[in-house]
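What follows is calculated from the coordinates using simple rules that are stated; it is not laboratory data. Since we're looking at a predicted model, the values are computed, not measured. Here Cβ is always computed from backbone atoms with ideal geometry, including for glycine, and neighbour counts include all displayed protein chains.
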Amino acid sequence: MTLRTPLNKVRLYGSARSGTEHFWHQRLTAIANIPLTIFLLWLVVPLSGASHAEVVASIKHPLIAFGLIAVIVSFTWHMRLGLQVVIEDYVHSDGRKLLLVVINNLSCSMIALMSIFAILKISFGV
Amino acid sequence: MSTKSDTKSRRPLSPHIQVYKPMLTMTMSIVHRVTGVALAFATILLAWWLISAAAGPAYFDFVEGILTSIPGRLILLGCTWALIHHGLGGLKHLLWDTGRGFDLKLIELFAKGSIILSLALTVLVWAIAYGAR
């Protein structure tokens, strides 16, 4: 006989209604990435070979800085999810899979944070 | 509840891609994944470029020097194509997610169209880039 309630027994073993979260976020960021890619090309292509002063002057504008932060957030989120799928598909040992997923999460977060910091630093004034 | 992988039990596995005749649509699927992984590398370059701009003119010139060298340009050209091809493939996947666009003739057209369109748009983007300077 056990004093554990039926609810307690099934907790963490069943649907938390979050099973489709990965799929949904992949699509959500995919949709966001369409206009963001066009924005990034629109911004970066004319800046090819530009001087430091020119690049800083264009990133300084609040709307450009905001757009770039959106690019970084959406791209790195999409990339984190995509790379995780690749890891899960090809790495079959549980230990290595977990390690790589952790490294992937941390690396993608680091790329995002460093980029956002750089954009803010430029925008607030170097 | 076991958390052990079933792969350890050496069960027979279903055949993977090597047993199938290579097809254009299948190649496009593989290319979509490969370009996706390549774009993770491209994102690191974008981050590096932003960080260099925030660090100051000296470090920016150093990074710009690497990115605008001939190998740097080739890598950026590859990144441009990967971005556009992955983007076009993504649009196709978003259409498929709605349950539409699975007609065999259409998916063949998507595959060929995305190759031609991605190459054309890459050339266009680089023409604009060179025109801007």
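Using a Gaussian network model on chain A with a 10 Å cutoff between Cα atoms, which of A:Pro35, A:Pro62, A:Pro46 fluctuates the most?
A:Pro46
Note down, for chain A, the three equivalent ellipsoid semi-axes (square root of 5 times each alpha carbon gyration tensor eigenvalue), biggest first, whole angstrom.
40, 16, 15
What 222 nm value per residue comes from the helices of chain B, counting each DSSP H run with n ≥ 4 as -39,500 (n - 2.57) and dividing by all residues, nearest 500 deg cm²/dmol?
-26500 deg cm²/dmol
Rounded to whole Å and sorted largest first, list the principal axis extents of the Cα atoms in the protein assembly as shown.
Each principal axis gives a Cα extent; for the protein assembly as shown these are 75, 52, 32 Å.
Over segment B:23-132, what lengths in whole Å, largest first, do the semi-axes of the equivalent ellipsoid take, defined as the square roots of 5 times the eigenvalues of the alpha-carbon gyration tensor? Please report the intermediate quantities before stating the final value.
Numbers: eigenvalues 217, 42, 25 Å².
One finds semi-axes of 33, 14, 11 Å for segment B:23-132.
Scan chain B and note any complete DSSP helix (H) whose C-alpha atoms cover at least 20 Å along its axis and whose Kyte-Doolittle average is 1.0 or more.
B:24-55, B:104-132
If exposed chymotrypsin sites (Phe, Trp or Tyr not before Pro) are those in a DSSP loop with at most 11 other Cβ within 10 Å, what is the longest stretch of chain B that has none?
Here the longest run is B:21-101.
Just subtract the alpha-carbon distance of A:Ala70 and A:Phe23 from 0.36 nm times their residue separation and send over the number in nm, one decimal.
That works out to 14.9 nm of additional length.
Rounded to whole Å, give me the distance from the Cα center of segment A:66-112 to that of segment B:33-79.
Using only Cα atoms, the two centres lie 19 Å from each other.
With +1 assigned to the C-beta of every Lys and Arg and -1 to the C-beta of every Asp and Glu, and no other charges, what is the dipole magnitude of segment A:22-124 about the Cα centre in debye, to the nearest 20? Working shown, then result.
Numbers: 6 positive and 4 negative charges, 29 e Å.
Once rounded to the nearest 20, the dipole reads 140 debye.
Suppose only helical runs count, i.e. DSSP H with n ≥ 4. What mean residue ellipticity at 222 nm does that imply for chain A under -39500 (n - 2.57) per run, divided by all residues and rounded to the nearest 500 deg cm²/dmol?
So the calculated ellipticity at 222 nm is -26500 deg cm²/dmol.
Under 10 Å, Cα contacts only: if you run a Gaussian network model on chain A, which one of A:Leu41, A:Leu28, A:Leu100 comes out with the highest mean-square fluctuation?
A:Leu41
Would you mind giving the mean number of other chain beta-carbons within 10 Å of the Cβ of each residue in A:29-35, as a whole number?
3
Past 23 Å, Cα to Cα, is the threshold; run A:Lys97/B:Lys92; B:Lys21/B:Lys112; B:Lys92/B:Lys112 against it and keep the listed order.
Too far apart for the 23 Å limit: A:Lys97/B:Lys92.
Between A:Leu36, A:Ile72, A:Ser109, whose Cα lies farthest towards the positive end of the dipole of chain A when Lys and Arg beta carbons carry +1 and Asp and Glu beta carbons carry -1, centred on the Cα centre?
Positive-end residue among those listed: A:Ser109.
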